[in-house]
Amino acid sequence: MEHPENDEAYKGLTVNSGIIHPDSVNPYLKASRFKRRELSVNDYVEGIIKGDTVILSRAVTLIESLLPQHQALAQEVIEKCLPYSGNSVRVGISGVPGAGKSTSIDVFGTHILEEKGGKLAVLAIDPSSERTKGSILGDKTRMEKLSVHPKSFIRPSPSAGSLGGVARKTRETIILCEAAGFDKIFVETVGVGQSETAVHSMVDFFLLLQVAGTGDELQGIKRGIMEMADGIVINKCDGDNVERSNLAASHFRNALHLFPMPDSGWAPKVLTYSGFYGLGIKEIWDMIYQYVDFVKANGYFQYRRNEQNKYWMYESINENLRNSFYNNASVDAMLAMKEEQVLQGKVTSFAAAKQLLDLYFAQMKK
Ligand code: GDP
């Protein structure tokens, strides 16, 4: 029997026979109707320069794609957009989860768009997305006002690859956004360590978001990160948190005095504000624009961008070499075996690395 449930023993229960699945629900509905037209390099570049955000989004998707043909196309688009890029203020915004990054970016963003006009792009670098393959930073739903603002473009963190790879994609996205006329760029990252270095390597101003807590916030934040900051802002300075926030601000000011003067010649400032209630926002943006005027006047603005370009050249070399090595079939075939030998103490780490590299270089010569 096809359905044993239809037996007398299961009285009251009937299971109908299935039908053969039709080939297509509607034979006239061709899949190709929905296929998007492939764009040429020039289509992308023209669209981007016109400020077409749909095309900009598609170009960013190309940058993020792992397919070699997409990557090659993306590189051509980036190259052609490069002459139109650079005219922006790039601000890195970092803070631990819960520090109020999305709330703050929402109010900061709407504030500067109202105050200065222009267009704002919000991008992100989220190292955690490497594990989860999904990104929480730069998520539109977390930025209610900006996400519906006609002059804003929000893009979550690229999710695949190493931190270096993710950061490179964000940096390339900056170039496209600038070419599309976005003159204000925010790059959001979560304050957990290396990602700050990545963001610092692509922005003009690095803003560190803090919240006053139990009084031990200074211990929780690494010296290197504080040294990177051009401004530290203490969020949630509202309600019964005002006193604690002011105290935290003076702790940070004292701590910053112990650091040598940064190369920019700008002494980092510490301000308190409330993202939620929109208090002290103007002061923060005045500080950032003061900084930009200051470093443009003393030459540090261009110096820092040049240094960043140099840094990204080396990063790009490193990433390509690494990918070429690990994607090499012979290396891949031997890698697990060498790892096992190292674990069993049969060969040292250095000898194993050398054998793998020798194999790789021999392959390259062929
Ligand atoms: P993120 O994880 O750093 O992006 O932090 P969110 O912006 O999501 O904020 C975390 C929580 O802090 C949310 O519940 C916000 O409502 C709250 N919050 C953010 N800014 C403020 C503020 O200025 N004052 C107060 N009291 N709460 C805030």
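The values are calculated or read from the model by the stated rules, or taken from the named source; none is laboratory data. None of these values were measured; they are calculated from a predicted model. Here the Cβ is made from the backbone with ideal geometry for all residues, glycine too, and neighbour counts use every protein chain on show.
Every condition in (1) surrounded by fewer than 14 Cβ atoms within 10 Å (Cβ to Cβ); (2) in the same structural domain as F108 (by TED's automatic domain parsing) is met by A255 except one, and the failing one is (1). Looking at the stretch 67-90, is at least one residue touching a His at 6+ places or on another chain (Cβ under 8 Å), in contact (Cβ under 8 Å) with a residue 40 or more places away in the chain and either hydrophobic (A, V, I, L, M, F, W, C) or within 16 Å of the ligand (Cβ to nearest atom) (or both)? No - not one qualifying residue is present in the stretch 67-90. If you go through the stretch 147-187 and keep only what is touching a residue at least 40 places away in the same chain (Cβ under 8 Å), farther than 23 Å from Y314 by Cα and assigned to a strand (DSSP E or B), you end up with S152, F153, K184, I185, F186. Of a type outside the set (D, E), away from the ligand (no atom under 16 Å from the Cβ), assigned to a loop (DSSP other than H, G, I, E, B) and touching a residue at least 40 places away in the same chain (Cβ under 8 Å) - does that describe any residue in the stretch 257-264? The answer is yes, given that some residue of the stretch 257-264 is of a type outside the set (D, E), away from the ligand (no atom under 16 Å from the Cβ), assigned to a loop (DSSP other than H, G, I, E, B) and touching a residue at least 40 places away in the same chain (Cβ under 8 Å).
Listed here are the residues, each with its yes/no results for (1) among the aliphatic types (A, V, I, L, M); (2) modelled with pLDDT of 95 or more; (3) within 16 Å of the ligand (Cβ to nearest atom).
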position: R168; (1), (2), (3): no, no, no
position: T173; (1), (2), (3): no, yes, no
position: G181; (1), (2), (3): no, yes, no
position: V192; (1), (2), (3): yes, no, yes
position: E217; (1), (2), (3): no, no, yes
position: K222; (1), (2), (3): no, no, no
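For the stretch 20-56, filtering for residues that are among the small types (G, A, S) and either at pLDDT 95 or above or exposed (fewer than 10 other Cβ atoms within 10 Å of the Cβ) (or both) leaves 4.
Only one of the numbered conditions (1) at pLDDT below 85; (2) more than 30 Å from S245 (Cα to Cα); (3) buried (at least 17 other Cβ atoms within 10 Å of the Cβ) is not met by K133, and that is (3). Quick one: would you say E319 is under 30 Å from R90 (Cα atoms) and surrounded by 15 or more Cβ atoms within 10 Å (Cβ to Cβ)? Here the answer is yes, as E319 does meet what is asked.
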